[in-house]
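The values are calculated or read from the model by the stated rules, or taken from the named source; none is laboratory data. Just so you know, these numbers come straight off a predicted model, no measurement behind them. Positions of Cβ are backbone-derived with ideal geometry, glycine not excepted, and every protein chain shown enters the neighbour counts.
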Ligand code: 5GP
């Protein structure tokens, strides 16, 4: 039986999900249960279970996640200050993490509330 996370299977093309962005270090695809009109998950190709478990050797990968978010936002036309987007990373149970493969949620397309629930 495969121990791969669901996100690893998507990255490895074992589960079909159109990629909205891909580079050497990260891939991005739409969330299956969107919480906003735009809800994209940006995922490192290397399995890092959660952000607090990343190490110094992951610096480039962590940077790539945020740079990818900017590129995706630019492509979607939501990078201007009068539109915008929110990035969310959930680490652990209290934060609501459900998939143990680091991912950045990119949410946009509606007025987002603050503070988050
Ligand atoms: P977390 O709660 O761990 O921060 O976020 C996990 C996210 O992954 C959730 O928003 C959930 O909807 C999404 N998700 C879970 N399984 C799948 C899947 O098979 N495909 C896609 N595209 N998203 C998934």
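Among residues belonging to segment 71-117 that are assigned to a helix (DSSP H, G or I) and farther than 17 Å from residue 35 by Cβ, point out the one that is nearest to the ligand (Cβ to nearest atom).
93
Is it true that residue 67 is more than 14 Å from the ligand (Cβ to nearest atom), touching a helix residue (DSSP H, G or I) at 6+ places or on another chain (Cβ under 8 Å) and outside any loop (DSSP other than H, G, I, E, B)? Show your work before the answer.
Details: more than 14 Å from the ligand (Cβ to nearest atom): yes; touching a helix residue (DSSP H, G or I) at 6+ places or on another chain (Cβ under 8 Å): no; outside any loop (DSSP other than H, G, I, E, B): yes.
In short, no.
What pairs come out if I take residues in segment 85-109 that are without any contact (Cβ under 8 Å) to a residue 40 or more places away in the chain and at positive phi and pair them with residues that are within 8 Å of the ligand (Cβ to nearest atom) and assigned to a loop (DSSP other than H, G, I, E, B) whose C-beta lies under 7 Å away, six or more apart or interchain?
Taking only residues 6 or more apart or on different chains, the pairs are 96/90.
Take residue 2 and tell me if it is over 19 Å from residue 117 (Cα atoms), modelled with pLDDT under 95, in a loop (DSSP other than H, G, I, E, B) and over 12 Å from the mean Cα position of the chain (by Cα).
On the way: over 19 Å from residue 117 (Cα atoms): yes; modelled with pLDDT under 95: yes; in a loop (DSSP other than H, G, I, E, B): yes; over 12 Å from the mean Cα position of the chain (by Cα): yes.
Answer is yes for this residue.
Give the number of residues within segment 1-49 that are free of Cβ contacts under 8 Å to residues at least 60 places away in the same chain and near the ligand (Cβ under 9 Å from one of its atoms).
Qualifying residue count, segment 1-49: 9.
Can you confirm whether residue 27 is touching a helix residue (DSSP H, G or I) at 6+ places or on another chain (Cβ under 6 Å) and surrounded by 15 or more Cβ atoms within 10 Å (Cβ to Cβ)?
yes
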